[in-house]
Amino acid sequence: MLIAVDVDLTVVDTLTPWMKWFDRKAGKSIRNESGSYDLVPEMREIMKEQGVDFDPMEWWRQPDLYDYMIPITAAVDKLKLASMCGYEVVFVSSCIPEHTKSKQDFLKQWFPFAKGFIATHDKHFVDYDVLIDDKIEHIRLGEMRRPKAIHLLYTGIRTDGAKGEAAQYRWLPNWNSLPRTILGCVNSDSVAIA
């Protein structure tokens, strides 16, 4: 069985350092009260207020972006447990060319048991049995294309996890719930949600 796992905001918090980077460059903190993924509109408003001009996406183009990051609590241990139980763990993540090597090196360092890495935005075309991702879009497309697979919406970082469309999906609220959510239910028609 193959578990496809997203990287950003699923096994590593890239949102908090991006917001801190922006705060330093703009001279004012971004609030992100909505928990939105698309911070750029709010960033542009703050930049206009502060009279500064730079590309907020510049942060994502750093070649050493992941070099100093650490995984989300329990992600390594729980995915290692899945690997020890016979699951193939493969990371599937969108990348910006400039940071791809840094992301791959991060995964090799922290998740040496993983079987591979696929850089793609079109995750629903990957042949997985389980998909763990923080973006509703990937869960929705995955369910349409691979209805027999298990799709889990990782809600550990996002603040809007229970709102709107997200409420209808199976959740992985934190990595400590992985054994109950996946390891104990793969052969079952129903998934026990923590």
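The values are calculated or read from the model by the stated rules, or taken from the named source; none is laboratory data. These numbers come from a predicted model, not from an experiment. Cβ atoms come from the backbone with ideal geometry, glycine included; neighbour counts cover every protein chain shown. Heads up: the accessible areas ignore ligands, DNA and RNA and are worked out on the full protein's heavy atoms, side chains in. Shrake-Rupley method; radii C 1.70, N 1.55, O 1.52, S 1.80 Å.
Just a few scattered comments:
- In segment 115-138, the residues that are aliphatic (A, V, I, L, M) and either open to solvent by 50 Å² or more (accessible area, probe 1.4 Å) or not in a strand (DSSP E or B) (or both): I118, A119, V126, I136
- Selection within segment 12-39 - open to solvent by less than 30 Å² (accessible area, probe 1.4 Å), under 20 Å from the mean Cα position of the chain (by Cα) and among the β-branched types (V, I, T): V12, T14
- Taking (1) under 23 Å from W18 (Cβ atoms); (2) open to solvent by 30 Å² or more (accessible area, probe 1.4 Å); (3) assigned to a helix (DSSP H, G or I) in turn, D67 satisfies each apart from (3).
- Among the conditions (1) assigned to a loop (DSSP other than H, G, I, E, B); (2) of a type outside the set (D, E); (3) without any contact (Cβ under 8 Å) to a residue 60 or more places away in the chain, T73 misses just one, which is (3).
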